[in-house]
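Here, each number is a calculation from the coordinates, and none is a lab measurement. Model, not experiment: these values are computed from the prediction. Cβ: placed from backbone, ideal geometry, glycine included. Neighbour counts: every protein chain shown.
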Amino acid sequence: MSDLLIEIGAEEIPAGYIIPALEAFMEKVLSSFDTARIDYGKASYFGTPRRLALIVQGVSEQQSHRKSVMTGPPESIGFDSNGKPTIAAERFAQKAGVALDEIRVEETSRYLCAVREEKCDLTVSILEKTLPHMILDIPFPKTMRWGDLSISFARPIISVTAILGDHSLDFKVGNIKSSPYVFGHEFMSFEKYKVGNASQYLSTLRSAGVIADIKERKNLLEKEIKKAASSVDSIILKDDKLVDIVNNLVEYPYPVVGRFDDEFLDLPDEVLITAMREHQKYFALTDEKGNLKPYFIAVNNTKAKDMDLVAKGHGKVIRARLSDSGFFYKVDNESTLDDFAEKLKSVTFQADLGSMFEKRQRLISLCEYLSAVAVSMDRISDYDGKEEGKIRDANIKKNLIRAAELCKADLVTQMVIEFTKLQGIIGRTYAENAGENHEVALAIEEHYMPVYSGGPLPETNSGKLLAIADKTDTICGCFFADLIPTGASDPYALRRQALGIIQIILKYDLNFSMEKLIDKGLSLYESDSDKRAVLSAKIMEFLKRRMTNMLVSERGLSREAVNSALSVSCDDIPDAFLRSKALDILRQIPDFEPLSISFKRVVNILKKTGNFKKFKKTKVDEALFESDAEKELFIQCRDVKRLVTDYTRMGDYNEALKKIAGLRPVIDKFFDDVMVMTDDEALRNNRITLLSSIADLFRNIADFSMI
């Protein structure tokens, strides 16, 4: 057993490429080992902007042995009456790659068989053939070519190191020949260093000014920036994502504290933080109360002789950035958000869907609809939380419509054009500066939420409903323009938009009809009701798939239970969730399987009748009962129906399903004692009507035939 080291040295690779590339490369290598029958132990990856590396411990020196049995023709064909091999046996031996005298007859089947032992190649030779392809197959968002080579990679490859045990592998990637050498730090120790084996890799690079272990480098980075912040009596503004980005921008972290002029603190905090973070990858600093201070931390890849001079250089850079931001802020505040909203007429939302101003008008229409619906939502209350229950129509409509009028206005401000990630945030800031209602201002920012998977959700009433309206309009518009996601392609992030709608509705238990909201959204694009119905069905199916995946992956419900509940309806999303959850709980009882079989039997018999819906309109005639089993089922079904109706009205599907499940003994007795499909039409129809009343109990909860 030997350890394998592979390092691909390259010109500076973008920070966001490194981890995904390493994970994909490790998976490719280990998968190739599995396919090639090469045993291996623990695998670890390492990386910096200038190298992607993998170490696999305990790699076997050759493929593991494998025998296989190949079956041939029957004994009667393979051997003649004298027991001598025939031509068929000879050809089978040639095909199996064994000598004729190695052919055997399988005892039980009496067919010819041959035991073949597959060839075992050395791991070195296998790797030398496969590694060049695996290296060039590493996926990147974008690749480039260089020189006159036909290969492509994230950045030009400058070295390839490949060692198995103490043996250097011999192959080429493009014009780069593999070797046992690695390069040190680009600026501080850019010489070649020989690596004897995988165990020497990290220490060799460390002596050359490089920390290749990503976790080790991150720990050092966090320690050093914390020390730098304490030198100016400050605290680093928490930003885990920026730590990960900066960690993959350097091979060794050398932080310095920089300063900017106090006057820039008059700018909104988000502007300062974004200017430092997005453009320069600087860490913002605060005092103990969370107030921004006129300091920042820049992390360098090189230790200069005069780090104070480096800090001053960073200060000049950020000063220019903040000066621009201050100018944009001043110019923007010379106009109102209503002025900016008018300029949305010149901004395209989507080529087939008109301008952002037209989207704004659709949002106003959808919000007018939702404001009327919201009055009946017990879960919606005044923003200050003082008024319980239903809210006043005037409050929600006024705030929601005003937020809809202004929510896209900041897209044409100088500040958002410069810092696109501040959309919504700048709108909220400018609304506050203009004296808009506090809830209106917050809703402008919140309507984009969640901006990423698992991100914060809106908290204000206007923010919740405006976010739903905005996402609904985008989905309706894209389906209308036939911009439906396919496979991995989802350029308008419709899947994320759909999940956002579902998450907001579930968190705040907003009970309203999604189908009606979608029809309202589609009506702003399409006047033909038949065409809208077709599109609405597609959108509802799209939402159902998103909700199914979410309830299974995030809420831990079984896919069978979710599919069964949502197949009935997902129009009222909180109700669909409660039904899914209740059914999932019911599935866990010990005797659920026979219960499910009983219900399926009811459904299957009804399906055989063809148009079984007609039996829902008729009443059971007790005078036609011929057995106690019919009578008992009828009485218990009638009693349970009253309870189920009350429980479902309250959304207590757990109790509703428990009551329905209690019918199983009488249902089983009915099937044991009664012939449903009797020749007597009156009796048959009466019994089908009785079964239909049973199915009605769970028909609006779940489809048991799917379990």
One finds the C-alpha centres of segment 309-345 and segment 571-597 to be spaced, in Å, by 55
So what's the gap between the Cα centers of segment 177-222 and segment 639-665, to the nearest angstrom?
-> 67
Which of the aspartates and glutamates could a cross-linker bridge to Lys398, judged by Cα under 18 Å and excluding same-chain residues fewer than eight apart?
-> Asp338, Glu368, Asp382, Asp384, Glu387, Glu432, Glu436, Glu439, Glu445, Glu446, Glu459, Asp470
Is it possible to state the helix-based mean residue ellipticity at 222 nm for the chain, with each DSSP H run of 4+ residues giving -39500 (n - 2.57), the sum divided by total residues, to the nearest 500 deg cm²/dmol? What is it?
-> -16000 deg cm²/dmol
Mind checking segment 526-560 for GluC sites (Glu not before Pro) that DSSP puts in a loop (not H, G, I, E or B) and that have at most 13 other Cβ atoms within 10 Å?
-> Glu554
Ordered by fewest other Cβ atoms within 10 Å, a rough proxy for footprinting exposure, Phe479, Phe187, Phe283 read Phe187, Phe479, Phe283
When Thr302, Thr420 are ranked with the fewest other C-beta atoms within 10 Å first, the list becomes Thr420, Thr302
Which ³J(HN,Hα) values in Hz, rounded to whole numbers, follow from the phi angles of segment 555-562 under the Karplus curve 6.51 cos²θ - 1.76 cosθ + 1.60, where θ = phi - 60° and Gly and Pro get x?
-> 9, x, 7, 6, 5, 4, 5, 5
Trypsin sites (Lys or Arg not before Pro), restricted to segment 288-359: which are DSSP loop and have at most 11 other Cβ atoms within 10 Å?
-> Lys289, Lys305
Could you run the Karplus curve 6.51 cos²θ - 1.76 cosθ + 1.60 with θ = phi - 60° over segment 170-181 and give me ³J(HN,Hα) per residue in whole Hz, x for Gly and Pro?
-> 10, 7, 10, 10, x, 9, 9, 8, 5, 7, x, 9
Final fewest-first order of Asp470, Asp166 on the 10 Å Cβ neighbour count is Asp166, Asp470
If contacts are Cα pairs under 8 angstrom and at least 6 residues apart, what is the relative contact order of segment 65-111 in percent?
-> 36
Quick one: Cα centre-to-centre distance for segment 233-276 and segment 1-15, in angstrom?
-> 30
From the cross-link list Lys227/Lys471; Lys95/Lys172; Lys142/Lys471; Lys227/Lys507; Lys172/Lys223; Lys471/Lys659, which pairs have alpha carbons spaced over 32 Å apart?
-> Lys227/Lys471; Lys95/Lys172; Lys227/Lys507; Lys172/Lys223; Lys471/Lys659
Go through (1) 90, 60, 51; (2) 105, 103, 45; (3) 90, 67, 59 and flag the label whose value is the computed Cα extents along the principal axes in Å for this structure.
-> (2)
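Report relative contact order for the chain in percent, whole number only (criteria: Cα-Cα under 8 Å, sequence separation at least 6).
Reported as a whole number, the value is 7 percent.
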Any chance you could run the full-extension gain for Asp269 through Asn433? It's 0.36 nm times the residue separation minus the Cα-Cα distance, nm to one decimal.
-> 57.6 nm
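Based on the mean of other Cβ atoms within 10 Å per residue, sort peptides 52-64, 398-410 so the most packed one is first.
398-410, 52-64
For an R0 of 45 angstrom, estimate the FRET efficiency from the Cβ-Cβ distance between Leu624 and Ala537 and round to the nearest 0.05. Show your work: numbers first, answer last.
Values: r = 40 Å, r/R0 = 0.90.
Efficiency, from the Cβ-Cβ distance: 0.65.
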May I ask you to evaluate 6.51 cos²θ - 1.76 cosθ + 1.60, the Karplus curve with θ = phi - 60°, for each residue of segment 351-367 and list the ³J(HN,Hα) values in order in whole Hz, giving x for glycine and proline?
-> 3, 8, 10, x, 8, 5, 5, 5, 5, 4, 5, 5, 4, 4, 5, 5, 6
